[in-house]
Every structure is written in structure tokens, then in C-alpha cells.
Amino acid sequence: MSRLSSRHLLGLEGVPAEDIQLILDTTESFREVLERRIKKLPTLRGITVLNLFYEPSTRTRISFELAEKRLSADTVNFSTSTSSVKKGESLRDTVQNIEAMKIDMAVVRHGSTGAPYFLTQCMDSNIINAGDGAHEHPTQALLDMYTIRKRYGKLNGLRVVLVGDVMHSRVIRSNIWGLKTMGASVALCGPSTLMPYEVEKFGCDAYTHLDEALEGADVVNIMRIQLERQQAGLFPSQREYTKLFGINKERLKRLNKNYTIMHPGPMNRGVEISSEVADGDRSVILDQVTNGQAVRMAVLYLLSGREEGGE
């Protein structure tokens, strides 16, 4: 078995192309497993995985849980609402107490940027970042990249436009680093109030006019607009956002003929994407969800150091 260059997956910034290639290639074999009648392998039998979610999640949490169970790992699910965190216990004390019960890997989602890295300093377990603050969400970007590669047979040379809240989106950041590493051309588009300071440091084209950004694009990955941004006054109204940045059928005419529509979910239908586009034949949104499970199986397997199919 080939190995990743790190025993953790904390983000995609600085991750070598060889690692990303290995994850995407390994995903292919696990994607085939999901088409079988019996979708289970003994690969991680005897390994215990902690799902440490300090933020609400539906897709990512269920995707990781299913990935773990389909690899025959033992899973432990942590919820802050029923834990000693409510009594004031620190993150360090929480994880060290759980690790003392002999876990091997931890999947972490936390509202604070850098929390997964912090856990590598106080735990011996393999750490997988399932989203930290406005920093990164590496497995979401990997499943997006796998979905694109599955459709086009490549990433190199494609033009991918990421639309939405560039300033706060961890999904956008991970996509930027991963796609650029693999040779794709990345463009960013969103309201100027949702663009980070010195956005040019990402090394991407940045647009505040959607129609310009969409010209000649192969892939459009549309991010959910978060309602708290409107309450903070970062854009005037949902109606105005939809008018200026919503993806509808009319705007699709600016894309390359063989275009692809993506969205990491959950969607605000009628706000950042119309139902006609979301449910259209060029949308791969549900494929992203299925592929996400295979990507997470691949990451768990590669970080475990196990041989495929057994111990």
C-alpha cells in the first residue's frame, strides 16, 4: 500500500499533488464497493474512530459514520449537548479522556480555526479535519475534485468557478488549494463585502460580477449563502443576492457546452441556485454526496496504515 506523506489530514494547503492523486485513485476502488449488494469490507476491523463534532452537521457526519461502518471500524459519536463540555470541560481534557479509552482515529469538526491541528499536539490518534472555522474542509474539496475528475477524466486545464461567500467559506479554501495543486484554473466570485482582504494572494482570478466569472467555465461550484451574513449587513437582501449572484438557467449560456453544476449542500433553493439548475441533467449534486462516502473511506484507509481488505 502507498502511504500519505502525513499521518493526519488537516487541510489541503501545502499537501503534495502525489497525496491528492493517491486519495483520488484509492477513492475509485471504494466507489465500486458502494455499488455492490453488500457494501462492507473488513479493512478497519479492530480500529476505533471517534467522531468529534462540536458543530451541527448532517451530510459530513453521516458520510463519515457510514464510511467507518462500511470499513468495519468501531465508531464512537461525541455530541457537545450531552457531554461534560456543558459543565465547562476544555477541548484538551475532553479528547485526552476519550483517548484514554483507546481510540485510534478522530474525525473533528469545530468552530475554531486550527482546532484539528491543536488536537495533533495533545493526542496520539490520527486526526481528520471535518471542517474548522473558516479555515478548511479538506474531504469536501476532495469529493468535489473526485466528482470533477470522474466527469472529465482530469482536473488539469479545467476552469472551475467557486461562487459565494469567499471570505468565510472553508469549502472554497480547500477547493482552491486542491484544485490549483492538481492543475485546474480557479476563479472566485462573490459580493465585494464577502471577498477576503488581499484575495489576490490565493492566486486565483477574482470577480464581483457573476456573468464575467462564468464566461468559458467548465465547472461552477455554488456555495450556500449563510443567513447570518445578511443579518451582519454584508449584503442587503436575499433577493438582491439572487439577482446578482444566483445561478439560473439563463446564466448557464455563458458556460462551456459540457459544463457541470455542483453544490456542497445544504442548498437554499431560489437563493444561490434555482431548482431548475439544481435538478438539471448537468447537476452532479447527488453524485457529490455518494462520492463523499467513498472519499472518506479512502482517507480513513490510507491514514490507518492497514492493507486493503484486511488487517
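Things to note:
- A DSSP coil position with no more than 12 other Cβ atoms inside 10 Å describes none of the trypsin sites (Lys or Arg not before Pro) in the range 260-311.
- For the range 138-289, the relative contact order works out to 23 percent when only alpha carbon pairs closer than 8 Å and six or more residues apart are counted.
- Debye, to nearest 20: dipole size of the chain, +1 on Lys, Arg Cβ, -1 on Asp, Glu Cβ: 660
- In Å, descending, principal axis extents of the Cα set of the range 138-289: 41, 35, 27
- Among E68, E250, E55: highest mean-square fluctuation, GNM of the chain, C-alpha pairs under 10 Å: E250
- Only Lys, Arg (+1) and Asp, Glu (-1) charged, at Cβ; the range 138-289 dipole about Cα centre in debye: 340
- Take every DSSP beta bridge whose two residues both sit in the chain; close to 5 percent of them are antiparallel.
- Counting lysine pairs in the chain whose alpha carbons fall under 19 angstrom apart, excluding pairs fewer than 8 residues apart on the same chain, gives 10.
- Three-way shape label, the range 193-270, alpha-carbon gyration tensor, a/c 1.5: oblate
- 20 Å-binned pair-distance histogram of the chain (Cα, whole percent): 33, 57, 10
- Summing Lys and Arg as +1 and Asp and Glu as -1 over all other residues whose Cβ lies under 13 Å from the Cβ of Q121 gives a net charge of -1.
- Dipole of the chain, positive end: most advanced residue of F53, T43, T193 [Cβ charges, Cα centre]: T43
- Sum of side-chain charges, T181 neighbourhood, beta-carbon under 12 Å (Lys, Arg +1; Asp, Glu -1): -2
- Going by neighbour counts of Cβ atoms within 10 Å, the residues Y301, Y259 line up, fewest first, as Y259, Y301.
- Alpha-carbon radius of gyration plus Dmax, which is the widest Cα pair, for the range 228-282 in Å: 12.4, 38
- Annotation: the residues D124, D93, D165, sorted from fewest to most other C-beta atoms within 10 Å of their own C-beta, follow the order D124, D93, D165.
- Formal net charge of residues neighbouring E250 (Cβ-Cβ distance under 11 Å; K, R +1; D, E -1): +2
Rule-based calculations on the coordinates, nothing more; no lab input. Small disclaimer: the values here were computed from a predicted structure and weren't measured. Cβ sites come from the backbone with ideal geometry, for glycine too, and all protein chains shown count toward neighbours.
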